[in-house]
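First comes the structure, then the notes that go with it.
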Amino acid sequence: MSDFFKQLIVQFSAIWQKLSFQQKLITTSLVGFTLLGLIGLLVFTHTSGGGGDGQGSGGMRVLYSNLDVEEAAAVVDQLNRGGYRHRLENNGRDIMVNPRQLYEIRMALAREGLPRRRGVGNEIFDKTNLGMTDAVQRQNIRRALEGELQRTIEDLEEVRSARVHIVTPEHSIFLDQQRDAKASVVIRPVLGRELSRDQIRGITHLVSSSVDGLRPQNISIVDIDGKLLSSPFADNETAMASSQNRELQQNVERYLENKATQMLSGVLGQSRAIIKIAADLDFDQVEKTIETFDPESRVVRSEERQDENTKNAPDGDHQRERSLTNYEIDRTLQRVVQEVGNIRRLTVSVAVDGRYEPGPEGQRTFIERGVDELQKIEELVRNAVGYDLARGDLITVASLQFDNDNEFLRLRMLNEERREQQALYIKLALALIGFIAFLFLVRSIARAITEAMNPPVPSLETLGLEDLVEEEEPLTDDMMRAQAILEKVELLTAQSPANIAAIIRQWLVEGVVAKDK
């Protein structure tokens, strides 16, 4: 083995001596950069926790996050029992573990039922207790219902956690003493998220539909900060109706504003027009009965005729006729029920930004929009919001100069982001070019090393042996004996090179002595 390494060192030394100065410099730099890269990779891997037990700051991965203190304590206790290394962050709510053991730990905790879901659901009835009283049974039913509702509400994307409390009064045989069920829900929303009005109404009807005798107005929903999310006028029907009417009015105004804004944004551009609408809605529920008569239209309803004849009277014979005709006039009876929330009047205000042209010094000059253009914008807004002159609607369109400091700042930020992206693309292109140049450099070094290790074989023409190769003559007896002697000499040289070297030195000495004589 030592002879092999000696020959390898000799070959590398020979190759190194055949390289030029430039090739030596390039090879040395390449080897140095490679060693530095390997050392840096090892150091980064060690500090990032990629090797060893994974306790580096960057090598730990999140096992569970945003756990309650009780759940985190149970998980940590199980990790300590299993001998898994871990670290706590975020005030003990986040548990970090070795990424190589992440899925193994999760399966081990799942076998133990960790982390446990909050609340007790229908699994409370998995174990039967024959000695359970009716009061305890009712309490378990209430707890199971609260737990199942809690889990259902927590499945919403915007809800992080929830608590449900239900109060079910005892039934009474007297109706005037019977009390309604009540419920309260406490919701912790996800950070940065907010429950919409429709979602709050959905939670309200979900809870009311799950509890017997629970009406939606008896449900209170609050957030973790104590802010009331459900309607505060649940007990007052008049206030509740006023709140609903106000919400309906705001929805109508918002809907019409969005329609007009979307249309003008496509024509003028984003943030170039502001539209505000005040809608006067009719919330009066009117029921009318209209009865109309048509005097021109008469229909015979009944007719009575009487004929009276008198004969042999003192004053002579008499004949009397009497008729009675009853007419029916055409009558129309209508019953009209007016819907609630019809638009009584609209007031529309439109502010349009003017035009801007670059000045001689690079400044932007404001130019107010013309009358014809404002009239066209007014006509577009009228058609978008359903303008009705007979209803008394009013619309005002004005050309004003907007405060575009924020818009300029946004454009500047967009330009800076564009420049950063261009710089990133340039860096990537330079890195790609450098990588390609590095490949060519490695290729040239490999070619030089290959040429140094495999020198070119001299051609036959240079040695003057082309005639011997082209013309092959049959071997004579003398030549065959000489070839056999040469083969024996090669064999002896390979077996005992020292004896052959001594014979050659003896020949040389004898030749020198012969010349002296």
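What ³J(HN,Hα) values, in whole Hz, does the Karplus curve 6.51 cos²θ - 1.76 cosθ + 1.60 give for the range 329-341 when θ = phi - 60°, with x put for Gly and Pro?
With coefficients 6.51, -1.76 and 1.60, one gets 8, 5, 10, 10, 10, 10, 10, 10, 10, 7, 6, 8, x Hz.
Please go through the range 131-179 and write out the trypsin sites (Lys or Arg not before Pro) that DSSP classes as loop and that have at most 16 other C-beta atoms within 10 Å.
Counting only loop positions with at most 16 other Cβ atoms within 10 Å, the trypsin sites (Lys or Arg not before Pro) in the range 131-179 are 179.
Heavy-atom accessible area of residue 504 with all protein chains present, probe 1.4 Å, nearest 10 Å²?
80
Report the full-extension gain for the segment residue 299 to residue 506: residue separation times 0.36 nm, less the Cα-Cα distance, to one decimal in nm.
Value of the extension gain: 58.1 nm.
Simple spin-label model, 7 Å along Cα-to-Cβ: residue 355 to residue 127 in nm?
If labels sit at residue 355 and residue 127, their model points lie 8.3 nm apart.
Which order do 132, 107 take by accessible area at a 1.4 Å probe, largest first?
Heavy-atom accessible area, descending, gives 107, 132.
Modelled label-to-label distance, residue 337 and residue 490, 7 Å Cα→beta-carbon offset: nm?
12.0
Dipole of the range 290-384 (Lys/Arg Cβ +1, Asp/Glu Cβ -1, origin at the Cα centre): which of 300, 312, 356 lies farthest to the positive side?
356
Calculate the spin-label point distance for residue 387 paired with residue 323, positioning each point 7 Å from the Cα along the beta-carbon direction, and give it in nanometres.
6.4
The values are calculated or read from the model by the stated rules, or taken from the named source; none is laboratory data. What you are looking at is a predicted structure, and each value in this text was computed from that prediction instead of being measured. Quick reminder, even Gly has a Cβ in these numbers, built from the backbone with ideal geometry, and neighbours come from all protein chains shown. For the accessible areas, the whole protein counts, side chains as well, though only heavy atoms, and no ligand, DNA or RNA atoms are used. Shrake-Rupley method; radii C 1.70, N 1.55, O 1.52, S 1.80 Å.
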